[in-house]
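The next block holds one structure in the form of structure tokens; read it before the comments.
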Amino acid sequence: MTTATLVPVFAALGDETRWSILAALGEGDASASALAGRLPVTRQAIAKHLAVLQEVGLVESVRVGREVRYRIIGAQLSATARRLDAVGVEWDRRLAAIKEIAEGL
């Protein structure tokens, strides 16, 4: 996962409403109407937020009869988590090196 891929994902995740939508979808697939019933946001606003999440590859739509439901794409979230973990490991390595230098003084 490249930085160019991560930036739009983090921008999408930086919105509190979109984060709430992802959390709700983590409990199971749902339509925009069902999400609007659970969150303090209109169905139209939910639809716009879902479009952003879909654009960055975090959710996908699935037609179930006449209803369109949304679900999380786990692979994208996992790839994002792995990239964040790699950044954390690198920072830990750097901090350990700084600590070693400081203790050697």
### Summary
Residues in segment 16-70 that are more than 18 Å from the chain's Cα centre (by Cα), assigned to a loop (DSSP other than H, G, I, E, B) and within 26 Å of Ala81 (Cβ to Cβ) total 1
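Can you tell me which residue among Val9, Val52, Val41 is at negative phi and touching a Gly at 6+ places or on another chain (Cβ under 9 Å)?
Val9
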### Task
Confirm whether Val89 is in contact (Cβ under 8 Å) with a residue 60 or more places away in the chain and either touching a Cys at 6+ places or on another chain (Cβ under 8 Å) or in a helix (DSSP H, G or I) (or both).
no
### Task
Name the single residue, out of those in segment 70-83 being basic (Lys, Arg) and in contact with a helix residue (DSSP H, G or I) (Cβ under 8 Å, 6 or more places away or on another chain), that is surrounded by the most Cβ atoms within 10 Å (Cβ to Cβ).
Arg83
### Pair list, Cβ < 6 Å and 6+ apart or interchain, from segment 53-66 residues that are more than 17 Å from Leu35 (Cβ to Cβ) to residues that are part of a helix (DSSP H, G or I)
Val56/Pro8; Val56/Val9; Val56/Ala12; Gly57/Gln76
### Boolean, Ala97 is in contact with a helix residue (DSSP H, G or I) (Cβ under 6 Å, 6 or more places away or on another chain), more than 26 Å from Thr5 (Cα to Cα), assigned to a helix (DSSP H, G or I) and of a type outside the set (D, E, K, R)
no
### Task
Please find, within segment 61-95, the residue that is farthest from Ala23 (Cα to Cα) out of those that are at pLDDT 85 or above and hydrophobic (A, V, I, L, M, F, W, C).
Leu95
### Query
Quick check: is even one residue across segment 49-60 surrounded by fewer than 17 Cβ atoms within 10 Å (Cβ to Cβ), within 26 Å of Thr5 (Cβ to Cβ) and not acidic (Asp, Glu)?
yes
#### Entry: Residue list for segment 1-48, restricted to those being among the polar types (S, T, N, Q) and either surrounded by 12 or more Cβ atoms within 10 Å (Cβ to Cβ) or under 21 Å from Ala79 (Cα atoms) (or both)
Thr2, Thr3, Thr5, Thr17, Ser20, Ser31, Ser33
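The values are calculated or read from the model by the stated rules, or taken from the named source; none is laboratory data. Please read all numbers here as calculations on a predicted model, not as lab measurements. A quick note on method: Cβ atoms are made from the backbone with ideal geometry, for glycine too, and the neighbour counts reach across all protein chains shown.
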